[in-house]
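S.K.: The structure under discussion is supplied below as structure tokens; questions concerning it will follow.
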Amino acid sequence: MQPIGQTPKEFILSIDALTVSFDGFKAVNDLSLYVDENEIRVIIGPNGAGKTTVLDLICGRTKATSGSIKFEGRELTKMREHEIVHAGVGRKFQNPSIYEDLTVFENLELSFPRGRSVFGALAFRRDQEVIDRVEEVAEMIFLKDQLRTDAAILSHGQKQWLEIGMLLIQKPRLLMLDEPVAGMSVAERVKTADLLNTITKNQSVIVIEHDMKFVEDIAHRVTVLHQGKVLSEGTMDRVKHDPKVVEVYLGH
Amino acid sequence: MPTVGFLFSKKEWLYLAILAALLLIVLPASVDIFRLNLIGKYLTYAFVALGLVLLWGNGGILSLGQGIFFGLGGYCMAMFLKLEASTPEATKIQSTPGIPDFMDWNQVTALPFWWQPFHSFTFTLLAIILVPSVFAFIIGAAMFKRRVGGVYFAIITQAVAAILTILIIGQQGYTGGVNGITDLRTLLGWDIRTDSAKLILYFINAGLLIGVLLLAQAVRMSKFGRLLIAMRDREDRVRFSGYDVSNFKIFIFCLAAAISAIGGAMFTLQVGFMSPSFVGIVPSIEMVIFAAVGGRLSLFGAIYGALLVNAAKTTFSESFPELWLFAMGGLFIAVVMAFPFGLAGVVKDYVEPFVARRLPVLLGRGRAPQPQAAQ
């Protein structure tokens, strides 16, 4: 659990002594977390444990009060949001966050990592490379036949998939998913688990999830957060039987 | 993939043809030069409305201070024309000949240094575009880099419009004060007050307007245009897809400013003066109403909106001058409540389906439909 004798270089992401305080309330309190290359890490914990705040801190949406977040050796706390994306961190929000007034194709196209400056966007051409890549990703997220559909009329589950697709097309080296199966039907959940199993091969992933069945299916290691601190960490089996975890979270 | 043709869809090319025919043939052929000059004046506001379609309709950034840029463009042009009209011979009765008359009245004895470059026409043309763009860049960078948006941005643009008006009025020795810069006569020796000049200026103005419309459409059709819509809907998602959102907002604000400034410069040329009454809060809000009435998502709508609201304003305020502002406010509320997409929305929801039903009949008579609300 503790990275004794390991240099931070071996981790794709190392969070050290991270603290963020909102008007004195420490949402994340002296947190340290290390994610290996190609590891699927699931963060669980009761409401208000600071799970989403941790993702916000990694992707730059919230600025840390103190501590450090290193991604592939680069300090993220000093970088702006789009620079963190360029560095290779992709983040899916809790509620599907897609462009409802645009088509599925356009949603994916805007996420394609080219022409991200003002003049790059003006000069951007929809060439074969873009079309091929959009179609390839659309196939993975089960939306191949909906490319010309307005994103607004997709079902909730399809919107979640679309947002996952918008991340995939960026080829991030660290993928962060905030409750990817929340609000999905049972059938959609199964499909999503398949999708995540496909896309998370050889990929570092951080997932926040409440669905224990789903967590057991995908997690390599689990981190339990409680009141902004790590309560327990390890394999699902280990964590499940940790009395502290049972008391504050699983027992309820 | 969505196929749209070059710049416009077929339907939109038809609308463009109708607009061009209306502005370049029908109107010049059917109204006298006094009315045509008036229409030319309305069309200068249409530039601002086009900028607002990009900025507000597509980008979701409401500026209530576009009069700033219309005014800056107009003042740049007015300064050049005023200097040309203020030759030492023409102003020899002044205590300091060769400077604009209002400076002389205000005991200014030498042309201020920042007026000097406006002797050059090339500099003036560049300034018309660059001065408002740089000003917009400064406001935009200060606001958008700090993530100021929405209502706060609208209020700040309004405050800047008010400040600029007060500044212009207060510094009357340098700006002509509340009267503005008046008594403009010639452009490079060409008398702009004659009927023939007004006719030519009208066509230049209409041509520029159509050019700007095409430019705006090109921006909308690029990935930049889709990003604007994406930013309007989900700013965070755009940011976390690797875009520096503030740069995109600054750019579109500058572009809208430059477009407005062209309108302002054409206003000065056609109307023959420029004053702070086209800079402040009220004109800026009126310009937003033009775009709202026409339909804030439609470039064509913006032009028709500017034409119709101004025509209504002229007609109405001749008979009931004190009621006009109330009527305009009422119109704005009515449009927002009942037709959020303005005239363009009405055309899309009612006129187009109607035409589509009747199209076979109309085609049988061999006539193209007349779908725009141009009456």
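The values are calculated or read from the model by the stated rules, or taken from the named source; none is laboratory data. Not measured: the values here are computed from a predicted model. Quick reminder, even Gly has a Cβ in these numbers, built from the backbone with ideal geometry, and neighbours come from all protein chains shown.
S.K.: Scanning the stretch A:113-146 for residues that are within 25 Å of B:Phe6 (Cβ to Cβ) and surrounded by 22 or more Cβ atoms within 10 Å (Cβ to Cβ), which turns out nearest to the other protein chains (Cβ to nearest Cβ)?
M.R.: Among them, the one singled out is A:Ala121.
S.K.: Return yes when B:Leu184 is within 14 Å of chain A (Cβ to nearest Cβ) and not aromatic (Phe, Trp, Tyr) and no when it is not. Before the answer, list the steps.
M.R.: Details: within 14 Å of chain A (Cβ to nearest Cβ): no; not aromatic (Phe, Trp, Tyr): yes.
No.
S.K.: Output the residues belonging to the stretch A:63-104 that are in contact (Cβ under 8 Å) with a residue 60 or more places away in the chain, more than 17 Å from A:Ile12 (Cβ to Cβ) and at the interface with chain B (Cβ under 10 Å from one of its Cβ atoms).
M.R.: As a first pass, look at the stretch A:63-104 and keep what is in contact (Cβ under 8 Å) with a residue 60 or more places away in the chain: A:70-73, A:85, A:88-94, A:96-98.
Retained after the next criterion (residues that are more than 17 Å from A:Ile12 (Cβ to Cβ)): A:92-94, A:96-98.
Correct list: A:Lys92, A:Phe93, A:Pro96, A:Ser97, A:Ile98.
S.K.: Does B:Ile155 qualify as being free of Cβ contacts under 8 Å to residues at least 60 places away in the same chain, part of a helix (DSSP H, G or I) and either buried (at least 17 other Cβ atoms within 10 Å of the Cβ) or out of contact with any Asp or Glu (no Cβ under 9 Å at 6 or more places or on another chain) (or both)? So that I can check it myself, show each step before the final result.
M.R.: Numbers: free of Cβ contacts under 8 Å to residues at least 60 places away in the same chain: no; part of a helix (DSSP H, G or I): yes; either buried (at least 17 other Cβ atoms within 10 Å of the Cβ) or out of contact with any Asp or Glu (no Cβ under 9 Å at 6 or more places or on another chain) (or both): yes.
Judged against the criteria, B:Ile155 is not a match.
S.K.: Let me ask something else about it. For the stretch A:191-236, give me the residue count where each residue is touching a strand residue (DSSP E or B) at 6+ places or on another chain (Cβ under 6 Å) and assigned to a helix (DSSP H, G or I).
M.R.: 3
S.K.: Any chance you could count how many residues in the stretch A:150-174 are of a type in the set (S, T, N, Q) and within 11 Å of another protein chain (Cβ to nearest Cβ)?
M.R.: Going residue by residue through the stretch A:150-174, those that are of a type in the set (S, T, N, Q) are A:155, A:158, A:160, A:170.
After this cut, where a residue has to be within 11 Å of another protein chain (Cβ to nearest Cβ) as well, the list is A:170.
Counting residues in the stretch A:150-174 that are of a type in the set (S, T, N, Q) and within 11 Å of another protein chain (Cβ to nearest Cβ) gives 1.
S.K.: What do you reckon, is A:Thr77 at pLDDT below 95, in a strand (DSSP E or B) and β-branched (Val, Ile, Thr)? Walk me through it before giving the result.
M.R.: Numbers: at pLDDT below 95: yes; in a strand (DSSP E or B): no; β-branched (Val, Ile, Thr): yes.
When the stated conditions are applied, A:Thr77 does not pass them.
S.K.: Conditions: (1) over 27 Å from A:Lys171 (Cβ atoms); (2) among the charged types (D, E, K, R); (3) modelled with pLDDT under 90; (4) touching a Gly at 6+ places or on another chain (Cβ under 9 Å). A:Lys9 meets all but one. Number of the miss?
M.R.: (1)
S.K.: I've got another one for you. Of these, B:Asn247, B:Asn205, which one is within 14 Å of chain A (Cβ to nearest Cβ), in a helix (DSSP H, G or I) and not small (Gly, Ala, Ser)?
M.R.: B:Asn247
S.K.: Are there any helices (runs of 4 or more DSSP H) wholly within the stretch B:1-70 with 3 or more residues that are closer than 30 Å to B:Met143 by Cα, and if so which?
M.R.: On the way: elements: B:10-21, B:27-30, B:33-52.
Those helices (runs of 4 or more DSSP H) span B:33-52.
S.K.: Is at least one residue of the stretch B:286-301 within 14 Å of chain A (Cβ to nearest Cβ), under 22 Å from B:Glu12 (Cα atoms) and in a helix (DSSP H, G or I)? Quick ask: steps written out before the conclusion?
M.R.: So the first thing to find is which residues in the stretch B:286-301 are within 14 Å of chain A (Cβ to nearest Cβ), and the list is B:296-297.
So of that shortlist, the ones also under 22 Å from B:Glu12 (Cα atoms) come out as B:296-297.
Restricting the remaining residues to those that are in a helix (DSSP H, G or I) gives none.
Scanning the stretch B:286-301 turns up no residue that is within 14 Å of chain A (Cβ to nearest Cβ), under 22 Å from B:Glu12 (Cα atoms) and in a helix (DSSP H, G or I).
S.K.: I've got another one for you. Against the definition (at positive phi and within 10 Å of chain A (Cβ to nearest Cβ)), how does B:Gly225 come out, yes or no?
M.R.: On the way: at positive phi: no; within 10 Å of chain A (Cβ to nearest Cβ): yes.
In short, no.
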